[in-house]
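For reference, the structure discussed in these notes is given below.
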Amino acid sequence: MIAQKNVSAVFEASPIVPVMVIKDLAVAIPLAQALLDGGINVFEITLRTEAALDAIEKIAKTFPQAIVGAGTVLSTQQYDDVVARGAQFAISPGFTSNLLKHASGQAAPLIPGVSSASEMMQARELGYTHLKFFPAEASGGAKALKALTAPIQDVKICPTGGISEANMNDYLELASVVCVGGSWIMPEAAIEAKRWAEITDLTKSALEKVAS
Ligand SMILES: O=C(O)C(=O)C[C@H](O)[C@H](O)COP(=O)(O)O
């Protein structure tokens with residue numbers, strides 16, 4: 001029944017999972033270093049850019065102490081590609097039963113995206129208990145997630161989409177929520193201007209404000 005070995009280790013690595021959009025391979029290492037310096041050692045690198053696969057490989061090789069994963073995994077081919085490049089987990093904005101069956105039992109857990117009770121039930125039926133609630137804010141936010149997980153209690157959730165320091169604790173206070181994902185700790189302008197200290201500060205600030 002358990003489709004996903006190692007998935008709790010990914011969820012428990014950090015209360016904040018940084019969603020990284022890496023356009024230029026040259027920023028991969030300093031960006032990951034800035035996040036590590038701020039106290040985060042788990043990375044979700046989205047497959048939204050051409051540099052993404054190379055960035056996954058480079059970051060995984062350079063920082064063996066980090067847990068490196070891929071985001072925006074839409075197909076079985078992409079799942080296989082990111083694993084071949086060293087990703088230790090994969091996250092999808094949604095899911096297909098094909099994708100869930102493909103990743104089931106493999107060493108790199110897949111975290112499917114859900115935004116409704118039916119989707120949670122379908123993912124559960126295929127053995128997936130660790131889910132991403134996406135797009136979190138646009139789907140009704142913490143209030144909606146609280147309502148959805150009242151009847152479906154045996155799932156662990158990582159909400160992502162529209163989360164910031166201002167609303168992260170609304171989610172983290174829910175029993176089902178282990179971590180939240182987001183890009184707010186690394187603004188695009190800071191990456192482009194290579195302001196790594198700013199990203200480290202934003203990371204530290206967010207971690208300090210996580211409700212205990
Ligand atoms: O690319 C993916 O795989 C996604 O599912 C989308 C990301 O999780 C969100 O875009 C992050 O949301 P923000 O923190 O609001 O930027």
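Here is how the numbers come out for the structure above:
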{"item": "In segment 109-141, residue nearest to Gly161 (Cα to Cα) [restricted to those that are without any contact (Cβ under 8 Å) to a residue 24 or more places away in the chain and open to solvent by 20 Å² or more (accessible area, probe 1.4 Å)]", "result": "Gly140"}
{"item": "Selection from segment 186-201 of residues that are open to solvent by less than 50 Å² (accessible area, probe 1.4 Å) and part of a helix (DSSP H, G or I)", "result": "Ala190, Ile191, Ile199, Thr200"}
{"item": "Selection from segment 202-212 of residues that are in a loop (DSSP other than H, G, I, E, B) and open to solvent by less than 40 Å² (accessible area, probe 1.4 Å)", "result": "Val210"}
{"item": "Helices (runs of 4 or more DSSP H) wholly inside segment 1-118 containing at least 3 residues that are of a type in the set (D, E, K, R)", "result": "52-62"}
{"item": "Flag if Ile59 is within 13 Å of the ligand (Cβ to nearest atom), more than 17 Å from Ala103 (Cα to Cα) and either under 18 Å from the mean Cα position of the chain (by Cα) or not polar (S, T, N, Q) (or both)", "result": "no"}
{"item": "Subset tally (residues that are buried (at least 16 other Cβ atoms within 10 Å of the Cβ) and near the ligand (Cβ under 10 Å from one of its atoms)) for segment 163-185", "result": "7"}
{"item": "Residue count for segment 6-47, restricted to those that are within 16 Å of the ligand (Cβ to nearest atom), within 16 Å of the chain's Cα centre (by Cα) and open to solvent by 40 Å² or more (accessible area, probe 1.4 Å)", "result": "2"}
{"item": "In segment 82-102, residue farthest from Pro135 (Cα to Cα) [restricted to those that are within 13 Å of the ligand (Cβ to nearest atom) and touching a residue at least 60 places away in the same chain (Cβ under 8 Å)]", "result": "Phe89"}
{"item": "Qualifying residue in segment 63-81 (condition: in contact (Cβ under 8 Å) with a residue 40 or more places away in the chain, buried (at least 23 other Cβ atoms within 10 Å of the Cβ) and not small (Gly, Ala, Ser))", "result": "no"}
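The values are calculated or read from the model by the stated rules, or taken from the named source; none is laboratory data. All of these numbers come straight from a predicted model, not from anything done at the bench. Positions of Cβ are generated from backbone atoms using ideal geometry, with glycine treated the same way; all protein chains shown enter the neighbour counts. With ligands, DNA and RNA removed, areas are computed over all heavy atoms of the protein, side chains included. Shrake-Rupley method; radii C 1.70, N 1.55, O 1.52, S 1.80 Å.
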